[in-house]
Amino acid sequence: MNSVELIQSLQTLKTEGNPVTTVYLDVSTSQQLRSAEIVVNNLFKQKKEKTFYKNLSDEEKRSVDKDVEGIIKFLNNQLGGARQSFMIISSARVYVWQVVHIGFPVENMMVIQDRPYLRPFLEGMSQERNYAIVLVDQGKGKILVNHLGHKEELLDVINLIPDDTTDGGFGGMDERKNERRREEAVSKHYKNIAGQLEQLDATYRFDWIILGGLRESMSDFESFLRPDIKHKIFRKLSIDPNLSIDKVFQLIDKEIPECRHMFEGDLLNMLANEFHKNYKGVSGIRHVEEALQQGQVDTLMIQDSFQTKGRVCKWCLHTTTDSDDLCSECGHPMERTLDITDELIHIALDTSARIEFVSTEMGTFSPISAILRYRR
Ligand SMILES: [Zn+2]
């Protein structure tokens, strides 16, 4: 399952208003895993003091108790080994149970509300991004990916270059023939890697691709790539395809901030274009909310770490930073929310919009903007 499908499946978990317990836990060391039970119990103790929990019916409280029991049981059953973080979503009353292994660090937290709490996951995904590293030379091909923060090798092929046939001959005939056979074998090899890369891109939808190898091999290989894939190559580095996966990720690590910057630059350019030239953009909480409500949003863009308190109507999902007691749209009472953007994210997910947290300064489009599906 790729990250887009995963997010969609998390969003469509049906909990029908029942309380959902979401836990994020850093378990990257065995010490952290051992103390996970204590951490979860402490987080739960704090949550019991919160209004949301206090206002639950006895039956709903029992459901949350079961969530926490289940989470602790799950954690105690984990053996040591390489892992980074967990996101666990549970709603015992409606039999919802989901564990996602996350390859990047998270802040320990527990949220009990009427739906999964996905913001830290989405924000982490925006920071971490999905990308591929392709390493090629005439005799070797490798594809490594970074997906949900997990670093994996998905392709490792060796090209057997045909031996020279040296059964005599004059005038360099055999030499030319050998040369041609070698070239054909190398072309076939590059074509194969290019095809595999296209397939992986269809599954993972890479944000960018880093190409590595010998200079000459890289440009030969590039001629076999489809234009849209070629367009995703942000960096070309001379890296030995025989290096270990850890070493390769170490080498490219310093390139990542600049790649992310380029990727976000493209997003912001697209937003500015759609906004100014095509009237397919909106900016500001109010306008974005309106567009979300009408299912018009294609991509929701939020300045990294922006959040703001406000009120939300649980009937029509209207949000406001004002302290209105009654909804200006439908007249129902408004409820306080710690984070309006979380409400907006929720509507975005419900209407299959893409969500991007942007670390680059968004300028006039800060803190929240959207690219629309249609012209206004
Ligand atoms: Zn309302």
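Taking only the Cα atoms of the stretch 42-162, the ratio Rg/Rh comes out at 1.17, with Rh defined as the Kirkwood radius. Report for the chain the percent antiparallel among DSSP-assigned beta bridges with both residues inside it, nearest 5. In the chain, approximately 75 percent of DSSP beta bridges are antiparallel ones.
With Cα atoms as the point set, the radius of gyration and Dmax of the chain evaluate to 25.6, 95 Å.
Largest first, the extents of the alpha carbon coordinates of the stretch 278-372 on the three principal axes equal 36, 24, 20 Å. Once both labels are positioned 7 Å from their Cα atoms along Cα-to-Cβ, the gap between R354 and E198 label points is 2.1 nm. Run down the aspartates and glutamates and flag those whose C-alpha is under 13 Å from the C-alpha of K230, throwing out any fewer than 8 positions away in its chain. In chain and number order, the partners are E198, D201, D207, D220, E222. Averaged per residue, the stretch 129-257 has 55 square angstrom of accessible surface, using a 1.4 angstrom probe with ligands and nucleic acids left out.
Extension gain for L214-H287 works out to 21.3 nm (0.36 nm per residue, less the C-alpha to C-alpha distance).
Taking 0.36 nm per residue of separation and subtracting the Cα-Cα distance, what length does fully extending T364 through I38 add? Length gained, T364 through I38: 112.9 nm. Relative to one another, the C-alpha centroids of the stretch 229-264 and the stretch 66-94 are positioned 34 Å apart. Which one, V282, V20, V99, has the greatest fluctuation when you compute a Gaussian network model over the chain with C-alpha springs under 10 angstrom? So, out of V282, V20, V99, the one fluctuating most is V99. For the pair E49 and L338, label points projected 7 Å from Cα toward Cβ lie 1.2 nm apart.
Phi angles across the stretch 259-272 convert, under the Karplus curve 6.51 cos²θ - 1.76 cosθ + 1.60 with θ = phi - 60°, into 3J(HN,Hα) values of 4, 4, 4, 5, 4, 5, x, 4, 4, 5, 4, 4, 4, 4 Hz, Gly and Pro given as x.
The trypsin sites (Lys or Arg not before Pro) found in the stretch 224-297 that occupy coil by DSSP, while having at most 12 further C-beta atoms within 10 Å, are K277. Average accessible surface for the stretch 278-372: 45 Å² per residue, computed with a 1.4 Å probe over protein heavy atoms with every protein chain in place. Which links in K73/K314; K14/K50; K47/K151; K151/K232; K66/K309 stretch past 27 Å when you go from one Cα to the other? From K73/K314; K14/K50; K47/K151; K151/K232; K66/K309, over 27 Å: K73/K314; K47/K151; K66/K309. Applying both filters, DSSP loop and at most 16 other Cβ atoms within 10 Å, to the chymotrypsin sites (Phe, Trp or Tyr not before Pro) of the stretch 261-292 gives Y279. With a 1.4 Å probe and every protein chain kept in, tell me what percent of the accessible surface of the stretch 129-257 is carbon plus sulfur. C and S atoms contribute 50 percent here. Here the contact order of the chain, divided by its residue count and restricted to Cα pairs under 8 Å and six or more residues apart, works out to 14 percent. For the stretch 3-117, the carbon plus sulfur part of the accessible surface works out to 49%, probe radius 1.4 Å. Close amide H pairs (under 5 Å, H built 1.01 Å from N) link F104 with S85, residues at least 5 positions away or on another chain.
The values are calculated or read from the model by the stated rules, or taken from the named source; none is laboratory data. All of these numbers come straight from a predicted model, not from anything done at the bench. Don't worry about glycine lacking a Cβ; one is built from the backbone with ideal geometry, like all the others, and counts go over all protein chains shown. These accessible areas exclude ligands, DNA and RNA; they are computed on the full protein's heavy atoms, side chains included. Shrake-Rupley method; radii C 1.70, N 1.55, O 1.52, S 1.80 Å.
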